[in-house]
1. What ranking do Glu59, Glu66, Glu134 get, fewest neighbouring Cβ atoms within 10 angstrom at the top?
2. Can you give me the Cα centroid spacing of the stretch 5-55 and the stretch 112-146 in angstrom?
3. Over the stretch 6-155, what is the relative contact order in whole percent, taking alpha-carbon pairs under 8 Å and six or more residues apart?
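Bear in mind that the values in this text are calculations on the coordinates, not laboratory data. Small disclaimer: the values here were computed from a predicted structure and weren't measured. Here Cβ is always computed from backbone atoms with ideal geometry, including for glycine, and neighbour counts include all displayed protein chains.
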Amino acid sequence: MITTAPHVANLAQVIQLAVAPVFLLAGVGTTLNVLATRVGRIIDRARLMEDRLLHATPEQAEELHERLRVLSRRATLINRAIGLSVMCGLLVSLVVAALFVSYSLSIDLATPIAIAFVLALLTLAAGLVYFLREVILATNSLSFGGLRPSVMDKAIGGKSPVAKE
């Protein structure tokens, strides 16, 4: 039977404790990838609309400005979600580092680690709420080919035709 030194067994426990936060960190990274893609698409659409503004009639310009306002609001929401997700990632990294520092230096950091982990979860939750708000705003700004009024149609007086259901 192979026996391991107590300090190796204890280190193995620390590594096991660090696995869950590391998986959370991987999930946060994936979320950041999705958010970065969305903000990139928002920027691309805004640039396209700004180019169209140069040759737009006053009526078209009014609609383009309304669409740009919606895109601006969406970008703000996504930027907040990104900021909160990055904060979550930093806090989770701090938790993992603190686990190893606590073990290596024999310091009781249980309370700060717990607080940092709870803060990480709260910032992730808040970031997801901003992401949800952006998705709702994005879908509400669509008229689906005139099948329903969009936020922009309501803002500019319901100019698109709306089919009855």
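1. Glu59, Glu66, Glu134
2. Cα centroid of the stretch 5-55 versus Cα centroid of the stretch 112-146: 13 Å apart.
3. Details: 119 pairs, mean separation 43.4, N = 150.
Normalised by residue count, the contact order of the stretch 6-155 is 29 percent.
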